[in-house]
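The values are calculated or read from the model by the stated rules, or taken from the named source; none is laboratory data. All of these numbers come straight from a predicted model, not from anything done at the bench. FYI the Cβ positions are ideal-geometry reconstructions off the backbone, even for glycines, and counts take in every protein chain you see.
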Amino acid sequence: MQAGGVEINRFSHTRHIAILGIVANIILSAIKFMVGFASRSQAMIADGFNSAQDVFASGITLIGNKIASQPEDRDHPYGHGKAEYIFSMIISFSLVLAGLRILGSSLTAIFDGGDLIFSWRLVAVSIFTIVLKLWLYLYTQKIGRKLNNLLVVANSYDHRNDVFITSAALAGILLGANGYNWVDGVAGVGISGWIILTGLNIFSGAYHVLMDTSIDPDILASARKIIEAIPGVDHVDSIKTKPIGVGYIFIVKVSVDSKLTVGEGHSIAAEVKKRLKQCSYCNVDEVVVHVNPS
């Protein structure tokens, strides 16, 4: 398990990012709805619904982070880290649904057109949204990668998608004011595909962890070399890994000289556990060592 201070810092950062996203998106959705309905801009109204959807995504991040931050207990001896991936899947579903909704409205805009009343307020709101969302994306992406937190990374992708969605809305507003209403719809179709693909990628990452997919084979090979270099280890019988949230449990079976005492065998097992936990790139959370006679 990671050091307590690191875990507290990790969950604190995630909570901060979730709250920041909720506040920003509530403000954006309110502004977009007011300006969108006043100008009859379907692009801006749709963008307002998208921001409202983002409030949901940030709320999911906040709830998932709160559950994942709970320490281990009798029913969850390895903690609640997988909650991050369960809630990441919920965000992935919301992204796919949002993409499908935008795809439908974009196709409608292509074939039916619209009755946009151009206003510079639409342009101002769009530019403000793009700048704010770009900053939120860069900030959350940096924190998410640093903390190896799929929940935060998923949230950052949501902000990134908003940059593209609002850019498409802005293009549609500007060109729609000059009679090219179909541009908004065509751009929307492309953006919806991007959003759906992002949701599926997040789903894939969470699915592999929840289905206990093993760690990267290169890391596994490195772990084997670390163990084989320990004095007293005759050979490694097997190494299996199981994801538990951010890290992995390493289940290791090694063979040692059958003439060693129980105490000596235990000391070798303790050294195996120590060396693996010291591996900076192995992402080790816990190590279970079984000693066999050689």
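Quick look at the values:
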| quantity | calculated |
| --- | --- |
| Residue in the range 217-227 that is nearest to residue 288 (Cα to Cα), counting only those that are surrounded by fewer than 14 Cβ atoms within 10 Å (Cβ to Cβ) and either in the same structural domain as residue 95 (by TED's automatic domain parsing) or not small (Gly, Ala, Ser) (or both) | 225 |
| Pairs with Cβ under 6 Å, 6+ apart, first in the range 93-110 and outside the structural domain of residue 61 (by TED's automatic domain parsing) and at positive phi, second of a type in the set (D, E, K, R) and part of a helix (DSSP H, G or I) | none |
| Odd one out for residue 82, checked against (1) within 19 Å of residue 169 (Cα to Cα); (2) under 14 Å from the mean Cα position of the chain (by Cα); (3) charged (D, E, K, R) | (1) |
| Residue in the range 53-66 that is in contact with a Leu (Cβ under 7 Å, 6 or more places away or on another chain) and farther than 29 Å from residue 288 by Cβ present | yes |
| The lone exception for residue 283 - which of (1) over 30 Å from residue 11 (Cβ atoms); (2) in contact with a strand residue (DSSP E or B) (Cβ under 9 Å, 6 or more places away or on another chain); (3) of a type in the set (S, T, N, Q) it fails | (1) |
| Matching option when the condition is in contact (Cβ under 8 Å) with a residue 60 or more places away in the chain and either charged (D, E, K, R) or assigned by TED's automatic domain parsing to the domain that holds residue 174 (or both), among 64, 48, 59 | 64 |
| Condition met for residue 92 (of a type outside the set (A, V, I, L, M), within 19 Å of the chain's Cα centre (by Cα) and surrounded by fewer than 22 Cβ atoms within 10 Å (Cβ to Cβ)) | no |
| Only listed residue being over 19 Å from residue 286 (Cβ atoms) and either more than 23 Å from the chain's Cα centre (by Cα) or surrounded by 13 or more Cβ atoms within 10 Å (Cβ to Cβ) (or both), chosen from 202, 251 | 202 |
| Residue 290, sole failed condition from (1) loosely packed, with under 15 Cβ neighbours inside 10 Å; (2) within 31 Å of the chain's Cα centre (by Cα) | (2) |
| Breaking point among (1) crowded, with 18+ Cβ neighbours inside 10 Å; (2) under 19 Å from residue 50 (Cα atoms), for residue 123 | (1) |
| Answer residue from the range 254-277, given it is out of contact with any helix residue (DSSP H, G or I) (no Cβ under 8 Å at 6 or more places or on another chain) and within 30 Å of residue 148 (Cα to Cα) and is surrounded by the most Cβ atoms within 10 Å (Cβ to Cβ) among those | 269 |
| Residue in the range 155-174 that is free of Cβ contacts under 8 Å to residues at least 24 places away in the same chain, more than 16 Å from residue 32 (Cβ to Cβ) and surrounded by 19 or more Cβ atoms within 10 Å (Cβ to Cβ) present | yes |
| Of residues in the range 233-264 being of a type in the set (A, V, I, L, M, F, W, C) and without any contact (Cβ under 8 Å) to a residue 24 or more places away in the chain, the one farthest from residue 152 (Cα to Cα) | 262 |
| Residue 233 crowded, with 19+ Cβ neighbours inside 10 Å and under 30 Å from residue 145 (Cα atoms) | no |
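Table: residues versus (1) among the acidic types (Asp, Glu); (2) under 24 Å from residue 209 (Cα atoms).
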site	(1), (2)
241	no, yes
247	no, yes
256	no, no
259	no, no
264	yes, no
274	no, no
277	no, yes
289	no, yes
292	no, no
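Table: residues versus (1) surrounded by fewer than 17 Cβ atoms within 10 Å (Cβ to Cβ); (2) farther than 20 Å from residue 137 by Cα; (3) at pLDDT 80 or above; (4) more than 15 Å from the chain's Cα centre (by Cα).
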| position | (1), (2), (3), (4) |
| --- | --- |
| 1 | no, yes, no, yes |
| 18 | no, no, yes, no |
| 30 | yes, yes, yes, yes |
| 39 | no, yes, no, yes |
| 58 | no, no, no, no |
| 65 | no, no, no, no |
| 108 | yes, yes, no, yes |
